[in-house]
């Protein structure tokens, strides 16, 4: 034991500093699993050894497991992040990147944000689902009546990773099927500590098939049971399960859910006070709000004389305890001072969560309006996006696609304009040239990862007229 002479101020003890890398791996992983993801991401720059630890598959699994166990209790939920999606089916490509909202009318892409372009010559990939920081896209044909190989890819827009999922499946799609539609959902199985993707196929009017893919395996496995109804585009992942808002035959709405542990479908009772109304489904939205399954209700009345929709109020309901199916009213926003006068409930295609509230995408016109509702002081702002664009909400996670397969190799960034920065967004001519180059290399899927200068995404209405 070293003695320290406290009376001699000039004599200082030599402290043996322990680096964080000297901690036992199990203790270090336990510490990391308790931290917010933003804090962990900042630690990736400490050293190469620490970067390797943070990106380890086991760390991501442990963090997801702890998040799964504590979501419905006392843990602090991750701050939602916004992602911009621009789908261009005629050019057969899509682009995806993170963005920032200033709380007023400005959406921007920072210089550090990665822009991911992906597509092919004969098909395009359409957005299918969002899970944490992963965006799933399913293959669509550009030619009517052409039944292509069913395929799906995952994109991590924050790391610029693209992974093609296996196409081998127990379910055989009829070669003459002209109306095949696949619905996807992704979740985490806390029992096996594995990520899973569920797929529901509707190949015929009276035919349903369900299958599941365990992340890291090579094929889809058909499930013995199928859902009691068709999924829809309104979906959310919460409480460890996937949920879809579905229509009832009697004018009611139901919530179709999938348990990733039991690999079974079940029906979650919706809000009882909704009752049965014609086209009720159009005025409801499902989302993950502060870590809980939430239902946004745009209760409206039709003005028979003006043929318009007048919103009386907006309600946000949350399911606090999914075991008891108890719905709790979080917010009720009355339409005082014409707060929601600009909203058209039937044209709202997407509802999501942002840092200080919720937002809606309105794609009724040639341009897209995104309405941001600030729940701190009950106000609403909107931004205008030119073209077929949409804003999505997601949360951070430790998932890295490189741990689950060979990533799609990104093309080298072409030197197109001054300062070696690629034009943003890509022109039709540039995209065709890049596709031709990919074809020469024998690649079916083209992927370009680039970083451009900071740019404004939202536009001024006066600039469009």
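No value in this document is a laboratory result; all are computed from the given coordinates. Values in this document were obtained by computation on a predicted structure and should not be read as measured data. Here Cβ is always computed from backbone atoms with ideal geometry, including for glycine, and neighbour counts include all displayed protein chains.
Per residue and in Å³, how big is the convex hull formed by the alpha-carbon atoms of the range 81-404?
On the way: hull volume 49.6 nm³, N = 324.
Convex hull of Cα atoms, per residue: 153 Å³.
Per 0.36 nm of contour for each residue apart, how much would the distance between residue 27 and residue 219 grow if the chain were fully extended, relative to their Cα-Cα spacing? Walk me through the numbers on the way to the answer.
On the way: separation 192, 0.36 × 192 = 69.12 nm, distance 3.53 nm.
Working it through step by step, the gained length comes to 65.6 nm.
Applying 1/(1 + (r/R0)^6) with R0 = 35 Å to the Cβ-Cβ distance of residue 320 and residue 102, what FRET efficiency is obtained, to the nearest 0.05? Mind dumping the intermediate values first?
Details: r = 32 Å, r/R0 = 0.92.
Taking R0 as 35 Å, the efficiency between residue 320 and residue 102 is 0.60.
Just grab the label-to-label distance for residue 261 and residue 456, each label 7 Å out from Cα along the Cβ direction, in nm (one decimal).
For the pair residue 261/residue 456, the computed spacing is 5.1 nm.
Test of understanding: express the Cα radius of gyration of the range 183-222 as a ratio to 2.2 N^0.38 Å, with N the residue count.
On the way: Rg = 11.5 Å, N = 40, 2.2 N^0.38 = 8.9 Å.
In units of the 2.2 N^0.38 Å rule of thumb, it is 1.29.
Contour minus end-to-end for residue 409 and residue 192, with contour as 0.36 nm per residue of separation and end-to-end as the Cα-Cα distance?
That works out to 75.1 nm of additional length.
Give me the extension gain from residue 356 to residue 290: residue separation times 0.36 nm, minus the current Cα-Cα distance, reported in nm with one decimal. List each step's numbers first, then the result.
Values: separation 66, 0.36 × 66 = 23.76 nm, distance 1.05 nm.
That pair, residue 356 and residue 290, stretches by 22.7 nm at full extension.
Write down the Å³ per residue value for the convex hull defined by the alpha carbon atoms of the range 98-143.
It comes to 123 Å³ per residue, whole-number rounded.
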